[in-house]
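Taken together, the values in this text are just the output of simple stated rules run on the coordinates, not laboratory data. Everything numeric here is computed off the predicted structure, so don't read it as measured data. We place every Cβ from the backbone using ideal geometry, glycine too, and count neighbours over all the protein chains shown.
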Amino acid sequence: MDILDDFMESDRKPAPLGRRLLMRLVDLLLPLAALWAVSVYRWPRPLYEALGGGNALLCAFASLLGFRLLFLLAAGATPGMWVTRLELLSGEERPLHLGERFLAAFFVFYRGADYYLRKSSSRKRPV
């Protein structure tokens, strides 16, 4: 039995696997839908030409990372995290600072960062 564990006990548990998978699915489908729209409408022309010649997988991976990087740095959460009501917190259960969010955009979780269920607000919703 560790004495420090008694002081660091938390009521928050990491997010369940089902919500994490749904979050990943939403975050994967949005950039892929944008690439599909580029390939169908052939606009913008430079991006459409970059998709040809066997570069589609590379463009899909780059758009996924760019999407995550943009949303995590600008808003602190991706649309998939908003939909599933998850938040990305550090091991001390505090919001990530800019450097940790940058690493998390590339799926590198630093110092025990993990997805947690967002705490519900204490105010009541009108019926």
Task: FRET efficiency, 1/(1 + (r/R0)^6) with R0 35 Å, evaluated for R42 and R94 via beta carbons - done: 0.15
Open item on the list: Using the crude model of +1 on Lys and Arg Cβ and -1 on Asp and Glu Cβ, and no other charge, please compute the dipole size for the chain relative to its Cα centre, in debye to 20.
Closed with: 740
Task: Net lengthening on full extension, L57/F109 (0.36 nm per residue, minus Cα-Cα) - done: 16.3 nm
Task: From the C-alpha gyration tensor of the chain, square roots of 5λ in Å - done: 35, 18, 12
Open item on the list: In whole Å, what are the extents of region 64-112 along the principal axes defined by its C-alpha atoms, from largest to smallest?
Closed with: 25, 21, 15
Task: Spin-label pair L69/R118, simplified geometry with 7 Å Cα→Cβ offset, distance in nm - done: 2.5
Task: Within the chain, helix-based [θ] at 222 nm, where runs of 4 or more DSSP H residues each add -39,500 (n - 2.57), nearest 500 - done: -17000 deg cm²/dmol
